[in-house]
Each structure stands twice: as C-alpha cells, then as structure tokens.
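Data first, discussion second: the structure below is written as structure tokens.
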Amino acid sequence: MRAPERPCAASNIVLIGMPGAGKSTIGVILAKLASLDFIDTDVLIQSCERRSLQSIIDSQGYMALREIEERILLDLECRDHVIATGGSAVYSRAAMAHLAENGVVVFLDVDLATLESRALDLGRRGVAKHPGQSFAELFEERHRLYVAYADVTVDCRGRTHEMVCTEILGRL
C-alpha cells in the first residue's frame, strides 16, 4: 500500500470505485475542468473486443473479462488524461501498479445504500463478479482493494459530481 494523499506530480488522474460510483460522469467533468483528455476503460474494452462487457461475461465468464481488462490496462500508455477504470481493475495488482506509475489514483468512495439506490442493472451492466454474488458482497470484497490502491480517497456522500471534481482538483 502506498502513502495516501501524495501530491499529483504525475500526469494522469485515475478514478477507481464501484459500479455506479460515477467514475465515467465525474471523469468527463474532471477532464474538462482540468483541461485533460478522458478515457473510459470499459468503453476501451468494448471497442477493442467489439462486444459489450456483459457479452464477454455471458460467453466466457467474469474471469475472462478481468483478464481482458488487465491486458487493456497494461497496454494503456497515455499522459495528461483522466482515466475512469472499470470497477474490477483493482483485482489486477500489475494493472494498478502500471496505472499508478504515471498517475494519481483517486477512489470515489460511495456508500452501499447510495449505490443500491441508483438501481444498477447488474445483469446487463457487465459487472465482473462471482455468479450468485450479491452487490453487497461485491462491495465488501472490493472496498478494501480500493482503499489499498488509492492515493486520494474522496467521500462522495451527499455531493454533486461538480463538488467531487472540485475536491479532487483541490487535493491534487
């Protein structure tokens, strides 16, 4: 685990968090405010694979999606970007180390109740999880990984996307 809250000397801002945490939406706003380019790695995976995340899970299983995600993340070479990762990126130690080499990792910490209230359609969203695993179980499993990899943790409870972006920029 790296030291938390280090100043942003790196060129990328890497957003991690649960499905429904707002990584993609916050990423777009943050990129605009910081005059950076934006990459959504879930979209990148779908573009490279020419199919949806859920299609990958349905045909090959959730571990195949994690392996594809790791490969895509390890191949990602960019500077001056906001990168919104898939929620399962934290399962790959190698991918997270690669992302952290040129970026500051920001965990968008959203509580379980808020995530569940966003009515996530996990059966169509392409969430890499064990068959039969509940969202609460997935949350519990991943939360400790997000905390471990984060340079900066932002509590998103009760905040608008713009407020979260302002805090991120202020802390970097």
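Computed from the coordinates by the stated procedures, all read-outs in this text should not be read as laboratory data. Bear in mind the structure is a predicted one, so any value in this text is a computation, not a measurement.
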| remark: With -39,500 (n - 2.57) per DSSP H segment of 4 or more residues and division by the full residue count of the chain, the 222 nm estimate, nearest 500 deg cm²/dmol, is -15000 deg cm²/dmol
| task | Pop out the ³J(HN,Hα) list for the range 69-85 in order, Karplus 6.51 cos²θ - 1.76 cosθ + 1.60 with θ = phi - 60°, rounded to Hz; leave Gly and Pro as x. | result | 4, 4, 4, 4, 5, 5, 7, 6, 10, 7, 9, 6, 10, 9, 10, 9, 8
| message | Quick query: amide H of V82 versus all other amide H atoms, modeled in the peptide plane; which residues come in under 5 Å with a sequence gap of 5 or more or a different chain? | response | I13, D37, F38, I39
| request: Specify whether the C-alpha gyration tensor of the range 12-171 places it in the rounded, prolate or oblate class, a ≥ b ≥ c being the square roots of the eigenvalues: rounded for a/c under 1.5, otherwise prolate if a/b is larger than b/c and oblate if not. | output: oblate
| Per-residue HN-Hα couplings for the range 161-172 [Karplus 6.51, -1.76, 1.60; θ = phi - 60°; Hz; x = Gly/Pro] | 4, 5, 5, 5, 4, 4, 5, 4, 4, x, 7, 8
